[in-house]
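The values are calculated or read from the model by the stated rules, or taken from the named source; none is laboratory data. Just so it is clear, the structure is predicted and the values come from calculations on it, not from any experiment. In this analysis, Cβ positions are derived from the backbone assuming ideal geometry, glycine residues included, and neighbour counts consider all displayed protein chains.
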Amino acid sequence: MDRKDFLRKSLMSAGAAAVTGVVLADQQDKFRPDVVGFNHLPTENPTIMANTVLHKAASRGHADHGWLNSLHSFSFANYYDPERMHFGVLRVLNDDTVAPGMGFGTHPHDNMEIISIPLEGDLEHKDSMGNTAVIRNGDVQVMSAGTGIRHSEYNRNKEQLVKFLQIWVFPNKRDVAPRYDQITLDASKRRNTLQQILSPDPNDEGVWIHQNAWFHLGSFDKEVSTTYELKDKRNGVYVFVLSGGFTVNGIALNQRDGLGVQDAASLTLKADSPGAEVLLMEVPMTLPS
């Protein structure tokens, strides 16, 4: 089995497990099958330079489960594009909206670093390690699934949507002890600059994971520019625009567009609209063996 087939089969099954059950906030472990509808536009001219891949927002995979509306930057569950399996060790970038009182039933993960970044509402988490927590906009949650973990996530509010980014990164160590952590960020520290929210170092800023990766968030006034210097020149950077517009290395990006750049020591970003927000994910480009 080649690497693409392995990625497809292993991650499609994991993705399906995460979305086949829908739960009420007071009935977390009761599943019901759901009708799943998928609709996505094909990738058009994804490679714009030899070291760059552009993923426009409208080209993402789209799954509408009724209770969950999910947009996939990379192949996930029933959305499959062989040209969009991953960017280096960045395997999943899902843009999820969960209906009031609904959520993901208890499901398993192993050997994956899972990062959740809430954008709106209150997302409640429960797992097999005994953790119960609520994450909100301004928080970052991380799980090292390692040898295996089971968890559920649901919208604890009955009148408000939950919106969050679900990100999976392949680890550089297999079968580690499962781990959970979350932090609350000071959003003022990302005004017109890039705030580090994740790294490989437990003593560094933000949360940490078992991978040589660094994530940053930034919120910029119009026309403000900044340069991001890669921590490891062997890595690549995936830029994901949360709101507004940016020009990155001369390439115009709009809300929810993604741009992957490799073989570059730095990136230059300029905000093209007021209050533009961006997520930078620097990751190794070589998959673990």
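Per-residue answers, yes or no, for (1) closer than 19 Å to residue 188 by Cβ; (2) assigned to a strand (DSSP E or B); (3) modelled with pLDDT of 95 or more; (4) out of contact with any Ser or Thr (no Cβ under 9 Å at 6 or more places or on another chain):
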residue	(1), (2), (3), (4)
210	no, no, yes, no
218	yes, yes, yes, no
228	no, yes, yes, no
231	no, no, yes, no
239	no, yes, yes, yes
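If we scan the range 243-257, do we find a residue that is in contact (Cβ under 8 Å) with a residue 24 or more places away in the chain, under 14 Å from residue 194 (Cα atoms) and assigned to a loop (DSSP other than H, G, I, E, B)? Checked the range 243-257: no residue is in contact (Cβ under 8 Å) with a residue 24 or more places away in the chain, under 14 Å from residue 194 (Cα atoms) and assigned to a loop (DSSP other than H, G, I, E, B). Residue 165 fulfils the conditions (1) modelled with pLDDT of 95 or more; (2) outside any strand (DSSP E or B) except for a single criterion, (2).
Residues in the range 91-141 that are among the charged types (D, E, K, R), surrounded by fewer than 21 Cβ atoms within 10 Å (Cβ to Cβ), in contact with a Lys or Arg (Cβ under 8 Å, 6 or more places away or on another chain) and closer than 21 Å to residue 159 by Cβ: 120, 122, 124.
Considering only residues of the range 61-86 that are within 25 Å of residue 180 (Cβ to Cβ) and among the hydrophobic types (A, V, I, L, M, F, W, C), which is surrounded by the fewest Cβ atoms within 10 Å (Cβ to Cβ)? Among those that are within 25 Å of residue 180 (Cβ to Cβ) and among the hydrophobic types (A, V, I, L, M, F, W, C), it is 67. Filtering the range 241-289 to residues that are modelled with pLDDT under 95 and hydroxyl-bearing (Ser, Thr, Tyr) leaves 286, 289.
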